[in-house]
Protein chains: 4
Amino acid sequence: MKLGMIGLGKMGFNLVLNLLSHGHQIVVSDLNLERGEQLAQQGAFPASSVEDLVAKLERPRMVWVMVPAGPVVEGVIDTLAGLLDEGDIIIEGGNSHYKESIARAERLEPLGIHFFDAGTSGGTEGAEFGACFMIGGNREIFTTIEPLFRDLAVDQGYLYAGTNGSGHFLKMIHNGIEYGMMQSIAEGFELLEKSSFDFNYEDVARVWSNGSVIRGWLMELAQSAFSKDPKLSGIKGVMQSSGEGKWTVQTALDLEASTPVIALSLLMRYRSLEENTFHGKVVAALRNEFGGHAVVPDN
Amino acid sequence: MKLGMIGLGKMGFNLVLNLLSHGHQIVVSDLNLERGEQLAQQGAFPASSVEDLVAKLERPRMVWVMVPAGPVVEGVIDTLAGLLDEGDIIIEGGNSHYKESIARAERLEPLGIHFFDAGTSGGTEGAEFGACFMIGGNREIFTTIEPLFRDLAVDQGYLYAGTNGSGHFLKMIHNGIEYGMMQSIAEGFELLEKSSFDFNYEDVARVWSNGSVIRGWLMELAQSAFSKDPKLSGIKGVMQSSGEGKWTVQTALDLEASTPVIALSLLMRYRSLEENTFHGKVVAALRNEFGGHAVVPDN
Amino acid sequence: MKLGMIGLGKMGFNLVLNLLSHGHQIVVSDLNLERGEQLAQQGAFPASSVEDLVAKLERPRMVWVMVPAGPVVEGVIDTLAGLLDEGDIIIEGGNSHYKESIARAERLEPLGIHFFDAGTSGGTEGAEFGACFMIGGNREIFTTIEPLFRDLAVDQGYLYAGTNGSGHFLKMIHNGIEYGMMQSIAEGFELLEKSSFDFNYEDVARVWSNGSVIRGWLMELAQSAFSKDPKLSGIKGVMQSSGEGKWTVQTALDLEASTPVIALSLLMRYRSLEENTFHGKVVAALRNEFGGHAVVPDN
Amino acid sequence: MKLGMIGLGKMGFNLVLNLLSHGHQIVVSDLNLERGEQLAQQGAFPASSVEDLVAKLERPRMVWVMVPAGPVVEGVIDTLAGLLDEGDIIIEGGNSHYKESIARAERLEPLGIHFFDAGTSGGTEGAEFGACFMIGGNREIFTTIEPLFRDLAVDQGYLYAGTNGSGHFLKMIHNGIEYGMMQSIAEGFELLEKSSFDFNYEDVARVWSNGSVIRGWLMELAQSAFSKDPKLSGIKGVMQSSGEGKWTVQTALDLEASTPVIALSLLMRYRSLEENTFHGKVVAALRNEFGGHAVVPDN
């Protein structure tokens, strides 16, 4: 098939390599033109702009958008809305909030443009060699784009999830689960580290990756990380987050769902951004007030 | 009444002042003899040792033990067990684990020594001017010592709680609740601190201490703390703990009781003891592995 | 002073009684005219409508709005915006989200109407006999209305908190703390209930209300509740919530603040709305899958 | 190799099948003699008692104990201590607390009996077709028994973990991680269930099992569970636990390690054992006291 790919970052770039390897024709575009040129050497057709990209496609045009969520993706879709025609298809593969995806689909519908929200998981490696896709949108039109996902995904690694928003909703929940699983694994290794035993963490992650109940890709990644830095001494315990965990907890609040583990995984990330907390100061001050317990001075 | 007080630390010392102010005769003993001499100036009778203290009392003797929990209190009670006789009374007012109090009562029973476990709350100020006591032991014998508690406690601030161990059990749970309440208050002030408003925390604690649903002594103590250091800038957010919160959570595990807030209050204290965590390193490493997310280097 | 009170529910009604007892002249209005007539017997001037209420006041008019947050208060303020003039004052005393209060103040400012967001705590009893108020708005204009709060509040029970929104922000955080404190107390009593001791909970709440570190109004309310129903056997463990706890957690997420105890207090409320959970089914099913552990059948 | 297997429950039985398939000679014993006879048909040598089993082995004897943790395993090891000689080997493969394993090793050492604590993961299926083993004990002697684990485990699925206790410690932590991962997955599906989308959970678990970041055996088991009961309508949300999660949290308390997610996973299991909670009653009663909020009556 022939399609356009807008956004050639870590994920978009690798998806193009993956698509090219399956014989698709890909017109590519990125603000950084070098990225497109690199892909041209692999057989992609570089476009100089979104307009140029659209011009290089045939109707019904198919455009995959793989740019940062928020204003960037909003801008790209606005531009596409002005360039595409009835029957054309947009696949939005970034980490957008599912409510925005629903709104976009509703905005594009009167124009006859079919919108799909495609949550993508599997990391940059997955993007190139086989990832996992959760797609929301019109079920019938989906059959048109299904071959793309069949090629991009690992076996059974794509799902038509339902109406618009369902793809990004599933991806959001996936990330919420991911937060919980990562924190679970991390707490386990913290207990090993604080114990009086002398474990080799790479070995532990390896044995847990082979035959145990908790085996899975995250444990394999832990093995890989420990193989490079046995005690992770070069990495500070600062746990950044990029939004989907927060959205999951916000969604839990809206649904009145009790999700303590996902919520705590997020709150511990926030906690890790600070070395000294105001709540800690308050508790220390209160202990001093009622019991005369010494405080640690802050310099 | 006449009784002995062993242990003249912050709490024991003030309890003696309180008892003296109510006209009781107190024989006092502490490893630090100066403490006894200070109290002698207030009318107490200093003893040079536990043996001397027991010798200075009349039968049935009453001895209040107010020393650190664990081996110290164990040693004092062992000594007393060898010195006291049938019908004598020991009041153990420290922060012992309730199971130890049950064991002590059982050990002293064949000797005819009546043992009471008295949980004490109210801080050092309360010890002097009126505190809160939760007492476990023999209900009939309790009437003998009840006048002491009537004098030491604020109005209705003492309770015969039940059989041995119930006093220290109640005190333990009290402290568990205290952990949760302190963390709740502290989280509230953290949100104020992180907000874009410019609150005066002493004023806030004052208004919340007057007429609000969350008024209480802890809020008054917060007001006091903020009056001395408006932003608590001199205090580090390190939250120590002295054992009873941990016992409460252990008890919850044994009772299969779901007490997330008390448990989290304790776990956040442990978290505050570290600036950099191993679990944080693991999560950061995993994010780097699957998504290429940058880590913060640790120097 | 003379002012209008719109909304004569549990809180508004009692605030009027409180104001009347301090010699203020109050024009009252409620959709339920009977409420106004009841207050007329206490000396209030009933108005038949918001328009009538405004007409019965003199410039600069002062109107206190005490109606449910959300669309109701929005409607009342819209109406008032059309009736009031430059220099008039609106005090919004309900449980509105602080961001809405900021928006309302901004909307009324061009009209010259001064808007104050007044968070109110202390329950219905406090409304009548002395409550706690946190007020946001213009600092100079606040001096005009300060005498009202001086009369309505218990000693030092009111605070000019800062610019618009700060009053409702403080009230929101107050409620977040309240959630945490209530859950802490409740978990403590659950541990008593699950223990092998035989405590009288009214007695326990009483002793903890007298001299302990955790004394405060909530503990006194616990005492009152247990005095009516010693084991709370008539009350189901369903913990409703009315929004401010949720807003507090949402705010924590927006501020990237780690507030595990307030968050868990809310999540346990949500948990209590269900007898059977889907997450429980999933865990039970997984245990069955890997270990053959028996599940409890659902009928 | 020739060895004895004591305990032919779900795990022990399958381990014997696994060992037989690799050509080992296994003497088997169980209180239920039928189990041994079943295995005799597969080539095992049934023993009528532990004494008989020991008699059927040659020195240095190797005995694998696979019986319930606690008093049962204690009894079996006591018996073996009286029957085995210097140089013999005991492998304890159950879910014992690591501190008990350390104690057992110390007790057996003066007798010259080598003790190994072998944590086993992988479920009953893994026991038969390849599981995961974490083994603590003497490193040199371990080489003697290593061929057994090489045969029983999946590739790289066994680890000499360190001194005695380290095997069961690792298994305990593994289970703690497992609790957290299961709760994470379960919360994710609860959010799907409460959403307004109409997901097919088997499909979701399948797509997440293929190429996603959260792929792993637990997700595959979720897929299997949903394939049998699409909404798990036949399973009640009661989450039992068998001890290792509790031990993990107790260990965290002892190590002063902040492990909120593992702790909450356990506490939510306890919460699931009750439909109506006492803490819920207390919160509902308090809300009624201060705000007049209605309670749900308990019948």
| field | In segment D:12-68, the residues that are within 14 Å of D:MET1 (Cβ to Cβ), within 24 Å of the chain's Cα centre (by Cα) and free of Cβ contacts under 8 Å to residues at least 40 places away in the same chain | value | D:VAL16, D:LEU20, D:SER21, D:ILE26, D:VAL27
| Has segment A:282-291 got at least one residue that is modelled with pLDDT of 95 or more, within 23 Å of A:GLU190 (Cβ to Cβ) and within 22 Å of the chain's Cα centre (by Cα)? | no
| message | Just the residues that are farther than 26 Å from D:GLU289 by Cβ and more than 10 Å from chain B (Cβ to nearest Cβ), please, taken from segment C:126-137. | response | C:GLY137
| query | Taking into account only those residues within segment D:194-240 that are over 17 Å from C:PRO297 (Cα atoms) and basic (Lys, Arg), which is surrounded by the most Cβ atoms within 10 Å (Cβ to Cβ)? | reply | D:ARG215
| With A:SER227, A:SER265 as the choices, which residue is touching a residue at least 40 places away in the same chain (Cβ under 8 Å) and either touching a helix residue (DSSP H, G or I) at 6+ places or on another chain (Cβ under 7 Å) or aromatic (Phe, Trp, Tyr) (or both)? | A:SER265
| query | What's the number of the condition A:MET11 fails, among (1) at pLDDT 95 or above; (2) buried (at least 22 other Cβ atoms within 10 Å of the Cβ)? | reply | (1)
| query | Restricting attention to segment C:94-114, and to residues there that are outside any helix (DSSP H, G or I) and polar (S, T, N, Q), which single residue is surrounded by the most Cβ atoms within 10 Å (Cβ to Cβ)? | reply | C:SER96
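Matching residues to (1) of a type in the set (Phe, Trp, Tyr); (2) away from every other protein chain (no Cβ under 14 Å); (3) touching a helix residue (DSSP H, G or I) at 6+ places or on another chain (Cβ under 7 Å):
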residue: C:SER101; (1), (2), (3): no, no, yes
residue: C:ARG104; (1), (2), (3): no, yes, yes
residue: C:LEU108; (1), (2), (3): no, yes, yes
residue: C:ALA118; (1), (2), (3): no, no, yes
residue: C:THR124; (1), (2), (3): no, no, yes
residue: C:ARG139; (1), (2), (3): no, no, no
| request: Please go through segment C:229-254 and pick out each residue that is among the basic types (Lys, Arg) and under 27 Å from B:MET172 (Cβ atoms). | output: C:LYS231
| B:ARG269 is checked against (1) in a helix (DSSP H, G or I); (2) more than 7 Å from every other protein chain (Cβ to nearest Cβ); (3) more than 21 Å from C:VAL261 (Cβ to Cβ) and fails just one. What number does that condition carry? | (3)
| Residue identified as in contact with a strand residue (DSSP E or B) (Cβ under 9 Å, 6 or more places away or on another chain) and either modelled with pLDDT under 95 or assigned by the TED database to the domain that holds D:ASP117 (or both) among D:GLU74, D:GLU34, D:GLU58, D:GLU86 | D:GLU58
| Flag if A:LEU264 is more than 17 Å from the chain's Cα centre (by Cα), closer than 24 Å to D:LEU264 by Cβ and modelled with pLDDT of 95 or more | yes
| said: Just to be sure I understand the filter: pairs with C-beta atoms under 8 Å, separated by 6 or more residues or on different chains, first member in segment B:273-289 and without any contact (Cβ under 8 Å) to a residue 40 or more places away in the chain, second member of a type in the set (Lys, Arg). Which pairs pass? | reply: B:ASN276/A:LYS236; B:THR277/B:ARG271; B:PHE278/A:LYS194; B:GLY280/A:LYS236; B:LYS281/A:LYS236; B:VAL283/A:ARG269; B:ALA284/A:LYS236
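The values are calculated or read from the model by the stated rules, or taken from the named source; none is laboratory data. Because the structure is predicted, anything quoted here is derived from the model rather than measured. No Cβ is skipped: glycine too gets one built from the backbone with ideal geometry, and neighbour counts run over all protein chains shown.
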